[in-house]
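Q: Sending over a structure as structure tokens; questions will come in a sec.
The values are calculated or read from the model by the stated rules, or taken from the named source; none is laboratory data. From a predicted model like this one, the values you see are computed outputs, not experimental measurements. All Cβ positions, glycine included, derive from the backbone under ideal geometry; neighbour counts span all protein chains shown. Accessible surface is based on the protein model in full, side chains and every heavy atom, while ligands, DNA and RNA are left aside. Shrake-Rupley method; radii C 1.70, N 1.55, O 1.52, S 1.80 Å.
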Amino acid sequence: MTPEERSFSDPLLSEFQRILAKNGLTSWSVLLGRLADEMGGIETPAEGEEDARAEASENLAAANAAADELEQKLTALTEQAANNEARRAGLEHKIKDLNERRERLAARGGAIAEQRAELEGDRPEASDLAEAEERLAESKTKLEHAREAAEEAETARMEAADKAAAAQSGAQAATAAAAGLKAEVQALSEVLESGDGRQWPPVIDSLAVDPGYETALAVALGEDLIASDDEAAPSHWRALGPLPSPPALPGGVPPLSDFIQAPAALERRLSQIGVVDGEDEARRLAAGLAQGQRLVSRDGSLWRWDGFTVSASAAAPAQARLEQRKRLKGARQNLAEAEAAAKVAEHRQAAAKQAEDDARAAERAAREAATLADGAYGEARDRVAEIKDHLAGHVSLLASLRDQATAIEGDQEHLETEESDSRKALDEIPDPAGARNEIAALRAELTGRRAHQVECQSRHDTLERAAEDRRQRLATIESETKSWTDRREAAKAQLRQLDVRRQALDQELERLDARPDEIAEQRRALLGSVEAAEEKRKSLADRLAETETALGEADKNLRAAEAELAAARENMVRAEGAVQQAKQACEAVKERIKDRLECGPERLFEISGLKPDAEPPELEAVERKVERLIRERETMGPVNLRAEREAAEMQEQIETLGAERDDLLKAIDKLRRGISELNREGRHRLLASFEEVNKHFQELFVRLFGGGRAHLELTDSDDPLEAGLEIMASPPGKRLQVLSLLSGGEQALTAIALLFAVFQTNPAPICVLDEVDAPLDDANVDRFCTMLESMAKSDTIRFLVITHHRMTMARMDRLYGVTMTERGVSQLVSVDLSRAEELQATA
């Protein structure tokens, strides 16, 4: 290695050489020799230097002793002169103060004398007190009378209020009863006038039936009573007049027309209906009924000329209508009576209300009179107290003025004695002019001594500094010598290391010279391997293509087989459905046979009465016969004349319900779409907010714990709207775990981090923290306060912190406290800490 390379690779050696060249040295030995010569020259001090230092020390000690003695003498004399001056000034001030106090006492005595004379001339009269007491007694009597009148008025008002409440309850009860009867009349009227009854009133509405014959009329005419007597109606009664020769009723029974007042159109019908007393009589007379005649009983039994009989237990629709008409008539009578009673109750309520208002007005007037009497009594009482207080104050003030005058005379005598003593002490104090002259002379002498002391001190300090500089220089040269010796040894070691490194580099160069041949050999081997791999890849690609072709054919065959299987399954399901439908039809036929014929299908042939060898009848003829029989059976029972209208109403209701069902289905579909849209938007917003909160939470956790890591994760479901929330935290030095496994302080700090993460996501202008730092130690409280300060630097958030922790209080900008200066009285105290710090900085 050349010297240039050695200098380049060893900066320390180059630096040593540069230093030697700069100082004009050729080697380390020359440098160390020069340092030794310098130390030898310093170690030999100049002759007489030690004697001069000793002499300077003695002179300095003598000067210090003389100056101290003179200074003590001057201090004692100065203190004595100052004491005399202070005593003289105090006595003079005291004499002046005594004179001022004497003058004030004299002025105060004169004022007291004038006030006594004025009070003795303004003495209150006893007649004023007697007159005020008489007025007080009169006002008290009036007040008692007014209070008694107010109590009587209140009693009368309460009685009137009770009567008004009772009248109001009676009026409400009467009104409620009338309203109930009115509703009943309206409901019955609507029932009786429903349908065509409003346009064509039924004939039943124009009948006047004797009591007890309603049931007989209902069973005698039945549904015919619903027809109108107006010939313009679709079904009506037409007046034909009496029969020319009507047949007589058997047994001379009275006709039903004797008990019913009816229109002329019903005369023929009612005259041919006889009324019997009982069933036995009816059975006896029924055989003698002529064509069209019938018998009825009051309990609702019917015997017709053709043998048709109705027992009293059979319900008749017309009977219910007659009962409703009877009930409507009674309800209308009761309604008129109830309305009259309600009007009477309302009049009574109005009268009671007026009486109550009059009683309230009388009570109010009595209360006002009592208030005025009470005010007059209070004024009279205050006047009596005022006179008594004035009289007592006048007497006590005169006694006080006399006591004050006596005290002033004693104080004046005491002040005169003190002033005389003070003047005697002032005369005994010596003149301060002599002491001042002596002090001035001592101060001049002390100034000369101090100048000599300073000169001795300066010479002594100069010699001491020179000796100290010599000692420091010797120490510095010794340190430099050791340093240069160490640096020389380090340079030698560095040279040895560089020689070792040069040998290693030579060996590395020899190894690298042989490396190109090895790389060429490896390249040739790799090229051969690549060609073999390429041939193998081509053969495998051909095999892969053949395999894929076979796989495609297999998939095609599989799809065809699956299609055939699906068609077979569909045919099987269709056949099973047809079989099931046929079975259900057979079961339905069996049920119909059982319901109508009360037998099984195996007995149909037996019931039909057909011969085994005969031809079965035609199906159409049998169906027509069945329909005829069904019609005949239906004609035997009551006919519902409103069936068609009810069917139309039911069809209308069905259509309305269908339309409402369609609307509901549309609304449900719309609601489901809205719910789906809301869920989608909610998931999107929830995930966005979750990511933002999680980001802030991770940052704040690291800031509060001074390290560690934490994050939030959704659990229990893939849907964010149904998932739970888990807090995973890993404080510094601990593994990652759920929040419940942390300590109490760590849980509190983690909760604070999460709280502020949510707050940063959706900040508010004001944040109130109620003893959040209670479970934290001092170090965590410091981190918590630092975080609050960083967040409070923004102009959009202000924190209101409730705390008992001293560190939190010290970090706030302003403090508010509630103190109780006295029992039951609280006071708010505030301190602006930032302003206090500014004042402290400027102080």
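Q: Would you mind counting up the charge near L372? Only other residues with Cβ under 13 Å from its Cβ, with Lys and Arg at +1 and Asp and Glu at -1.
A: Charge balance near L372 sits at +1.
Q: Given the C-alpha centroids of segment 246-306 and segment 516-585, what is the distance between them in whole angstrom?
A: After rounding, the separation between the Cα centres reads 101 Å.
Q: Right, something else. Per residue, how much accessible area does segment 636-735 have with a 1.4 Å probe, in Å²?
A: Computed with neighbouring chains in place, this is 75 Å² per residue.
Q: Over segment 450-569, how many percent of alpha carbon pairs lie in each 5 Å bin up to the one with the longest distance?
A: Each 5 Å bin holds this share of Cα pairs: 2, 7, 5, 5, 5, 5, 5, 5, 4, 4, 4, 4, 4, 4, 4, 4, 4, 4, 3, 3, 3, 3, 3, 2, 2, 1, 1, 0.
Q: So, for segment 507-593, what is the accessible surface per residue at a probe of 1.4 Å, expressed in square angstrom?
A: Heavy-atom SASA per residue in segment 507-593 reads 90 Å².
Q: Let me ask something additional. Once R0 is set to 45 Å, what does the formula 1/(1 + (r/R0)^6) return for the Cβ-Cβ distance between E346 and E151, expressed as a FRET efficiency to the nearest 0.05? Could you put the intermediate results ahead of the total?
A: On the way: r = 32 Å, r/R0 = 0.72.
FRET efficiency, E346 to E151: 0.90.
Q: Further question: Please give the net charge around G706, taking every other residue with its beta carbon less than 15 angstrom from that of G706, where Lys and Arg add +1 and Asp and Glu add -1.
A: -1
Q: Order R88, R147 by their accessible area, 1.4 angstrom probe, all chains in place, largest first. Walk me through the intermediate numbers first.
A: Values: R88 60, R147 125 Å².
Ranked list, largest accessible area first: R147, R88.
Q: So, one more: Quick one: net charge of E726's neighbours, Cβ under 11 Å, K/R +1, D/E -1?
A: That sum, taken over residues with Cβ under 11 Å, equals -2.
Q: May I pose another question? Using the Karplus equation 6.51 cos²θ - 1.76 cosθ + 1.60 (θ = phi - 60°), what ³J(HN,Hα) coupling, rounded to whole Hz, does each residue of segment 662-667 give in order, writing x for Gly and Pro?
A: Result, rounded to whole Hz: 4, 4, 5, 4, 5, 5.
Q: Please identify every one of the GluC sites (Glu not before Pro) in segment 689-790 that sits in a loop by DSSP and has no more than 10 other beta carbons within 10 Å of its own beta carbon.
A: E722
Q: Would you check the accessible area of V530, probe 1.4 Å, heavy atoms only, in square angstrom rounded to 10?
A: 90 Å²
Q: For S826, S730, what's the largest-to-smallest order of accessible area, 1.4 Å probe? Intermediate values should be presented prior to the final figure.
A: Working: S826 80, S730 10 Å².
Descending order: S826, S730.
Q: According to the square roots a ≥ b ≥ c of the eigenvalues of the Cα gyration tensor, what is the shape class of segment 695-771, taking rounded for a/c under 1.5, prolate for a/b larger than b/c otherwise, and oblate for the remainder?
A: Note, shape of segment 695-771 comes out oblate.
Q: Now for a separate question. Probe of 1.4 angstrom, ligands and nucleic acids ignored: what's the accessible area per residue over segment 744-843, in square angstrom?
A: Normalised by residue count, the accessible surface of segment 744-843 is 65 Å².
Q: Ok, one more. How high is the FRET efficiency between S57 and A493 when r is their beta carbon distance and R₀ equals 51 Å, given to the nearest 0.05?
A: 0.50
Q: Where a Cα-Cα gap under 24 Å defines reach, which lysines qualify for K163, not counting those fewer than 8 residues away within the same chain?
A: K343, K353
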